[in-house]
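Each value in this text was obtained by applying a stated rule to the coordinates, not by laboratory testing. Fair warning: this is a prediction, and the values are worked out from it, not measured in the lab. Neighbour counts are summed over all protein chains in view; Cβ atoms, including those assigned to glycine, are modelled from backbone coordinates with ideal geometry.
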Amino acid sequence: MMKKQILAFLFIALSIVSCSKDEPTSTPAIVFTQAEGKAVNGEYTITGTITSSVALLKVILTKEGSATPFIVDDTTAKNKNNYPYSYLITGITKDTYIMIDVYDQNNTKTSTRFLIRV
């Protein structure tokens with residue numbers, strides 16, 4: 001009888017310990033104002049909104065094919081759940097995809113790309 005009580009107590013204790021606070025698991029969502037852009041004099045401003053159930057950490061923009069980001073936004077995007085963004089892209093001399101990586105504070109990453117035509 002004592003073994004059954006101990007087992008029942010352990011089962012209840014494990015059930016309580018295994019319960020944890022549910023954290024949002026969705027990834028940040030990126031919406032563009034336009035589906036693609038058209039550079040004027042080699043420049044284009046990408047605009048839109050990033051939404052996330054978890055506060056944002058940073059946004060990184062890289063030209064496709066490059067290993068080095070040209071914009072790392074870890075200040076204006078940080079700590080926001082709804083972020084209307086505007087990034088000026090310069091030096092566009094040919095059709096170029098811009099890779100956009102968005103990280104939330106759980107380090108969940110969302111990636112997409114945006115085409116700028118000349």
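The reciprocal of the average 1/r between distinct C-alpha atoms defines the Kirkwood hydrodynamic radius, which for the range 56-118 equals 12.3 Å. Take 101-108, 69-76 and order them by the average number of nearby Cβ atoms within 10 Å per residue, most first; the result is 101-108, 69-76.
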